[in-house]
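Structure record follows, encoded as structure tokens.
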Amino acid sequence: MPKVFDRVLLTLCCLAALGVISGGFLNRAPNRLASSLPLALWQAPKLEVLIAMISFAVLIALSFMRRERLRSHATLAAATVMLWASLAGAGGLATRLANTDPPQARYSLGLAFWSLIALAFFAMLDAFQRAKFTLVTRAGFCAALCAGFVLMATSGLFDNLSLAREFASHRDILLSELLRHLLLVGVAMGLALLVSMPLAAVVLRFSFPRSFVFSGLGIVQTIPSIALFGLLIAPLSALAARFAILRDLGINGTGIAPAIIALMLYSLLPLVRGFYIGFTEVPVEVKDAAFGIGFDAKSTFLKVELPLALPALLSGLRVVTIQAIGLAAVAALIGAGGLGTFVFQGIGQYALDLVLVGAIPIILLALAADLTFQILLGLARREL
Amino acid sequence: MIELDGVTKYFDGLPAVSDFSWTIRTGDFCVLIGPSGCGKSTVLRMINAMILADAGTIKIHGKMIAEMPPEKLRRGIGYVIQSVGLFPHWTIAENILAVPRLLKWNAANCAARLDEITALLQIDRALLARFPRQLSGGQQQRVGVARALAADPDIILMDEPFAALDPVSRANLQTELSRIHAHSGKTIIFVTHDMDEALKLATRMAVMNKGKLVETGTPAEILNAPENDFTRGFLGGDALEMRLLDVVPVGARFTRTKTEASKTIGIDASLKEALNLMLAHRCISLGVRDANGRPIGEIHIENIIKGA
């Protein structure tokens, strides 16, 4: 029995194999509402299937490889090939079927497809961690991955997949909802920073309100997001009814205002904690030395304390931004718009592909935010 | 010249330093010594106004420090602490140039000063682009001393700077500091609780206990005639005579005579070194060389034990 060196990779491969065997690669339905029949992976174009299966086998073999650096590089390569081959296979199969099927037929992506994609995705993430790539390499690799995808998409390879059709038919509002989503998150994060700064200053200076502030913000975290959105409706509509100026600003019990307030409230605890940890962990002797060699209060803060606290601050901001990108989807329920609109419409219509039209951009946004904050963190720690 | 006159400081109503008066002459290497908690660090931190005295006055070159802007005062005084306190997010070069940059020196002056200071403290130039965490404790404190010297202050305050170092690094830095003091003529005020370190470095010593100045003088004066039991006890009690060997030079005890001795020792060496050489060579007398290496006399074991 050969020794397993990458248990994560082997486990991922086993799970993916299970998915490939037990589910369809594409699901074919006569129309958008009718139930669908699974088509197996083997029915996809031969070349793509062969390439995908070879790279799958390579990934399995790689989990028995000792040399970690070489293994992670090879894993990245094999996973990329498998990702592209699976995409091309699904697109090719749909195109071939569409030539003979009636035009209202629908082809949605099946369990086998998503298993292969998930395997490729997680294998890449894990290999990234192990290879300890610099952020520049990471960003370059992500760009290359996206370029390959865009190339396939623009060649019309995916046009017959129902997911692509959903994307295409919602193209116009997709962009506006995406911007709406970014607006919700951006404004909420900006407000959260503004509110958390004075709170952090109070918490850092006075020990008496510290536990009060932290437990108060902790309670906010325990409220389920839908409940918090709901709880804000009553007070906000009361305020809007009382003050005409708020109505003129478009503030209401539903819509964008309660969504931003709720996202901001959820962000306060991690941010205030980030400020608190960041500034309390600046070493005492460093502050003492700065004082002793003649830094005044302002330059001690700007040149010593703030740069040393920045990594903790950015870590806090990274957590809340990613959290807010996800939570903002729920805000669609109270009419705030954003990518969550597609998710809830999709659930309502039992149209999984429409759910994905909202969910996929949300996932990509979260990943992009994560990468951005990693770069900023690297800059703040002066190591890239 | 630094004059402390009746300086008193209370912490939580208890006197940490009381009625402390001491005059430090320009160019002296003053070691302030005493048991921990005796107030010696507080005295040091009052000299650069990090702590403000509750009573009494401190003057530097005749000017009351209470009347100077504190940041300006501190930028003109070097400051080194036991825990070093290098800025972890700055390179070694940036750390060394912290005060010159606060003083807004131009880039050319900064670069020139960096060259001088790295040469003076023998800091490897390859270290300049590194970060403090990549250096050993001894290297870090060397940089800490370089930072204190960078803006060329004429007064340097050092608060147990070598206490946390390994013996080899400590001995090296002590030697360097002595050398720098001897050729720069700077005034150094050095706090320690380590008597050997004090005797090795000091040109003047001040012994402190419970917030009060107990005694001042040269190391030899204090060792030869400790004024009270506290000083005697702090100097090492029974081991006091052995310590004395450390501070008395061969020059104070030898006899001028023609010498045939095969083993010789320099006139500036301590009696302890002389005794050590005798033990090493199993002899009871050594030839004595002057600064130019010419034999000028002899030292006998009886000179060490009974005096010249």
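The values are calculated or read from the model by the stated rules, or taken from the named source; none is laboratory data. Note that the structure is a prediction, hence the values are computed from the model and not measured. Virtual Cβ from ideal backbone geometry, glycine too; neighbours counted across all protein chains shown. Ligands, DNA and RNA are stripped out before the accessible areas are found, and what is left, the full protein with its side chains, is counted by its heavy atoms. Shrake-Rupley method; radii C 1.70, N 1.55, O 1.52, S 1.80 Å.
Scanning segment A:294-307 for residues that are in contact with an Asp or Glu (Cβ under 8 Å, 6 or more places away or on another chain) and buried (at least 20 other Cβ atoms within 10 Å of the Cβ) yields A:GLY294, A:PHE295. Evaluate the following for A:LEU333: is it among the aliphatic types (A, V, I, L, M), open to solvent by 20 Å² or more (accessible area, probe 1.4 Å) and more than 13 Å from chain B (Cβ to nearest Cβ)? So A:LEU333 passes the test.
B:ARG101: within 21 Å of A:GLU305 (Cα to Cα), away from chain A (no Cβ under 11 Å) and among the basic types (Lys, Arg), yes or no? Here the answer is no, as B:ARG101 does not meet what is asked.
Number of residues in segment B:42-73 that are in contact (Cβ under 8 Å) with a residue 60 or more places away in the chain, in a loop (DSSP other than H, G, I, E, B) and within 21 Å of the chain's Cα centre (by Cα) equals 2. Within the set A:ALA240, A:ALA244, the sole residue that is open to solvent by less than 60 Å² (accessible area, probe 1.4 Å), more than 30 Å from B:VAL99 (Cα to Cα) and in contact with a Lys or Arg (Cβ under 7 Å, 6 or more places away or on another chain) turns out to be A:ALA240. Taking the residues in segment B:74-92 that are hydroxyl-bearing (Ser, Thr, Tyr) and at the interface with chain A (Cβ under 7 Å from one of its Cβ atoms) as candidates, determine which candidate is farthest from the chain's Cα centre (by Cα). Only one residue tops the list, namely B:SER83.
Answer with yes or no whether A:LEU135 is closer than 28 Å to A:GLY346 by Cβ and open to solvent by less than 30 Å² (accessible area, probe 1.4 Å). Criteria not met by A:LEU135. Every condition in (1) within 14 Å of chain B (Cβ to nearest Cβ); (2) outside any helix (DSSP H, G or I); (3) open to solvent by 50 Å² or more (accessible area, probe 1.4 Å) holds for A:PHE291 except the one numbered (2). Residues that are over 22 Å from B:LYS186 (Cα atoms), open to solvent by 30 Å² or more (accessible area, probe 1.4 Å) and in a strand (DSSP E or B) within segment B:6-22 comprise B:TYR10, B:PHE11, B:LEU14, B:PRO15, B:ASP19, listed in sequence order.
When the residues of segment A:243-273 are narrowed to those that are farther than 24 Å from A:ILE334 by Cα and over 21 Å from the mean Cα position of the chain (by Cα), which ends up nearest to the other protein chains (Cβ to nearest Cβ)? Among them, the one singled out is A:ARG273.
Contact annotation: residue pairs with Cβ atoms under 7 Å, 6 or more positions apart or on different chains, pairing a residue in segment B:248-273 that is surrounded by 16 or more Cβ atoms within 10 Å (Cβ to Cβ) with a partner that is of a type in the set (S, T, N, Q), are B:VAL248/B:SER270; B:PRO249/B:SER270; B:ARG253/B:ASN303; B:PHE254/B:ASN303; B:ALA261/B:SER285.
When the test is whether a residue is within 23 Å of B:GLY236 (Cα to Cα), of a type in the set (Ser, Thr, Tyr) and at pLDDT 90 or above, B:THR203 passes it. Of all residues in segment B:23-61, those satisfying the criterion of being open to solvent by less than 50 Å² (accessible area, probe 1.4 Å), more than 14 Å from chain A (Cβ to nearest Cβ) and within 18 Å of B:LYS186 (Cβ to Cβ) are B:ILE24, B:GLY27, B:ASP28, B:PHE29, B:CYS30, B:VAL31, B:LEU32, B:ILE60. Here the condition is being open to solvent by less than 50 Å² (accessible area, probe 1.4 Å) and among the acidic types (Asp, Glu); of B:GLU71, B:GLU67, B:GLU160, it holds for B:GLU160 alone.
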